[in-house]
Structures are given as C-alpha cells and as structure tokens.
Amino acid sequence: MEGTRRTPDSRAIWLSWGAIAGVVVFNLGWLLAGALQTGGYSAASHDVSDLSALTAQAPLVMLTATGIAGALTIAFALFALRPALAVPGRGTALGAWLLAASLMGLDNLSDTFFRLDCRAADPGCTAAAAASSWHGKVHLAVGLISAIATIAAPFVLAARMRHAPGWHDLARPTLVFGGLFLAVLVAYAALEGKPGGGYLQRAAILLLSVGVVALALRVRGLAGSPAVDAYNSIAEPPSRPARS
C-alpha cells in the first residue's frame, strides 16, 4: 500500500539554512576583523585565531562570528544531519558527531570563550606566550581535538553515505574532499607563522565552509523527500496485525 507523504521537516530545513548562515557570518567575521587589525598583523602569515586574542583590535567582531557559526554548525550536525544520515541497524551517524566536534563547530564555539593571550604580530608574543594562561591552553587543546575530528569527518561521513538513502552520490566526492583538506592542512602546518601560512589556513577555512554548505543543502533537499519518506516507512517496524 502506498504510504501518505509526510509534511516537510521544518526543523531540518531551518537548521540547514542556519548552518549556511553561520558559514557566511564566520567568513565575513574574519574578513572584517582582519581589516581592522593594526600593528603588523598580516593575513599572509598570521592565524585567524589571533583576531580574537586579548590584544586584538575590535575582538568582538571575531568573537561574535565564531560563537554564532559554532553554535549553528553544532545544532545542524546533531539535530539535522544526524537524523538525515540515519540507517536502520547501523547505530548513530558518527560523522555528524565529528562535524559537531570539528573546527567549524566545537572549535569555533570554544574560541568565543577561550582566547589567546596575544597575537603573533605583537612584540614579544611567542607561541608559548600566546598560550601562557589557562584559557590560552584550552584554546590550543580544543583546536587540536577539533582538527583531528575534522580530518576524520569526511571519511566517516563517506562510509555512512554509501548506505544512507539520498546520499550515495556524495560518498566519493566526500572522500576527495577529505584528501584535499588533509593536503591543505599539512601544507598550512609546514608554513604556520611564515609567509603563506595565513593564506593556507584561510584556504582550509573556505574549503570547510564549502563542505558544510554542501551538507546543509543536501539535508535541506532531503527534508520531506518522498523517496526518503518511503524508505523510512519501510524501515520502521510494522505494526503487529490484530488477531482474528
């Protein structure tokens, strides 16, 4: 018997648009905050994290952008992407949790509260000095954890996409994305603090931004999709027929 089509999942739709809005706010934030810096700050050599350091000019711009982007990405990952990647009998979608813990999610939100003590452009500011306080150390620790989650996320998501309805065509591109991001991240690590390192970090940010937008658009497209609804109705345990 043909099932009745459900109404669109408004929560997934709004969370998807929210994730896209968060990406836009974050990128506009570091562009604007970078333009407001003085004292030798250079986008070519210095990290985006310096824009919210205790010694940064107009840090509220970056703090607001990271807080909004981080919160919206986490909400999208856990309450829209995770259900959209549900596959009966395969447990929760680990890739969605990794996105929540990623540089775009947890790290952005964490940076709003745990700031570096100084910018690399400031006189006498070394890596040790920037993380000399407890909040500077938390900033670096969360960044490391989030970087690991971000590296793993595309590969875990790709494995899930092979089994999730409506996602199969994105599995291979997601693997390619993961390899490309890893290459950019390695290049950035080799040039961190040197000319070109800042540009590579921003290239990695833009790459991650494209990835989040792609996931959000797919979730938005699948919300209320008849094909997915039909799959879910089949996957749900059937009601036990009444005995005659």
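The values are calculated or read from the model by the stated rules, or taken from the named source; none is laboratory data. Values in this document were obtained by computation on a predicted structure and should not be read as measured data. Every residue, glycine among them, receives a Cβ derived from its backbone with ideal geometry; neighbour counts consider all protein chains shown. Keep in mind that these areas ignore ligands, DNA and RNA; they rest on the heavy atoms of the full protein, side chains included. Shrake-Rupley method; radii C 1.70, N 1.55, O 1.52, S 1.80 Å.
Just a few scattered comments:
- Computed over the alpha carbons of the range 81-133, Rg followed by Dmax gives 17.9, 57 Å.
- Of all accessible heavy-atom area on the range 1-156, the percent that carbon and sulfur account for (1.4 Å): 72
- 11 Å beta-carbon shell around residue 69, net charge (K/R +1, D/E -1): -2
- Converting phi to 3J(HN,Hα) with the Karplus coefficients 6.51, -1.76 and 1.60 and the offset θ = phi - 60°, the range 192-198 yields 4, x, 10, x, x, x, x Hz in sequence order, with x at every glycine or proline.
- Averaged over its residues, the chain has an accessible area of 51 Å² per residue, based on protein heavy atoms and a 1.4 Å probe.
- For the range 28-162, a crude dipole built from +1 on the beta carbon of Lys and Arg and -1 on the beta carbon of Asp and Glu, taken about the Cα centre, is about 600 debye to the nearest 20.
- Degrees, to the nearest 10: 59-76 long Cα axis against longest axis of the chain: 20
- Segment residue 138-residue 189, extension gain: residue separation times 0.36 nm, minus the distance between their alpha carbons: 16.4 nm
- Residue 31-residue 147 pseudo-label distance in nm [points 7 Å out on the Cα-to-Cβ vector]: 2.6
- Difference of contour (0.36 nm per residue) and Cα-Cα distance, residue 207 to residue 168: 11.9 nm
- Between helix 10-35 and the chain: long-axis angle, C-alpha atoms, 0 to 90°, nearest 10: 10
- Computed Kirkwood radius, in angstrom, where 1/r is averaged over Cα pairs of the chain: 19.2
- Kirkwood Rh, angstrom, the range 53-197 [1 / mean 1/r, Cα pairs]: 16.6
- Hz values of 3J(HN,Hα) by residue in the range 115-122 - Karplus curve (6.51, -1.76, 1.60), Gly and Pro given as x: 9, 5, 7, 7, 8, 4, 6, 6
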